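Reviewing the structure listed below.
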Amino acid sequence: MTRFLLAAVAMVGFILGPQAATPEHSAIDGKWHFVLDTPGGDRDVDAQFTVDADGKVTGQFGKDAVNGTFKDGQLALAFSMTAEETGETAEMKIDGKLDDTAALVGSWAFSAYNGGYKASRPKE
């Protein structure tokens, strides 16, 4: 009887497993609210990402188009951005990962500036 139960549980897991699993890339699809720690204080930026099955990230970071990857739980973005305050255009790099609360955390670098950030899903 025990073997039968174990076999039944294994079969249910086998059948439902692929349907219940969420692809890794979908973990960051959608809208995000970033809070960048900058020398001048916190800077808020809204973003939206789409990640394909290969881990390629596209979307928007503020008004700028995003390019990068999300693979093995690691976010790596590098894209051209124009700072609203100064009008300077340079490469923006954002690296990070999902933490235990499903927030994105990591570091950013733009021109001569850098710092940390935390991003969360906006409240609907």
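The values are calculated or read from the model by the stated rules, or taken from the named source; none is laboratory data. Bear in mind the structure is a predicted one, so any value in this text is a computation, not a measurement. Don't worry about glycine lacking a Cβ; one is built from the backbone with ideal geometry, like all the others, and counts go over all protein chains shown.
For segment 62-93, which residues satisfy the criterion of being among the charged types (D, E, K, R) and either modelled with pLDDT under 95 or not in a strand (DSSP E or B) (or both)?
Going through segment 62-93, the residues among the charged types (D, E, K, R) turn out to be 63-64, 71-72, 84-85, 88, 91, 93.
Of everything in segment 62-93, those that are among the charged types (D, E, K, R) and either modelled with pLDDT under 95 or not in a strand (DSSP E or B) (or both) turn out to be 63, 71, 72, 84, 85, 88.
Of the conditions (1) over 17 Å from the mean Cα position of the chain (by Cα); (2) at pLDDT below 95, residue 100 satisfies every one except a single condition; which number is it?
Evaluating residue 100 over (1) over 17 Å from the mean Cα position of the chain (by Cα); (2) at pLDDT below 95 leaves (1) as the failure.
Any idea how many residues of segment 61-116 are touching a Gly at 6+ places or on another chain (Cβ under 7 Å) and either of a type in the set (Ser, Thr, Tyr) or over 16 Å from residue 32 (Cβ atoms) (or both)?
Residues meeting the conditions: 4.
Mind checking which pairs have a first residue in segment 73-96 that is surrounded by 17 or more Cβ atoms within 10 Å (Cβ to Cβ) and a second that is assigned to a loop (DSSP other than H, G, I, E, B) and not aliphatic (A, V, I, L, M), Cβ under 7 Å, 6 or more apart or different chains?
The qualifying pairs do not exist here.
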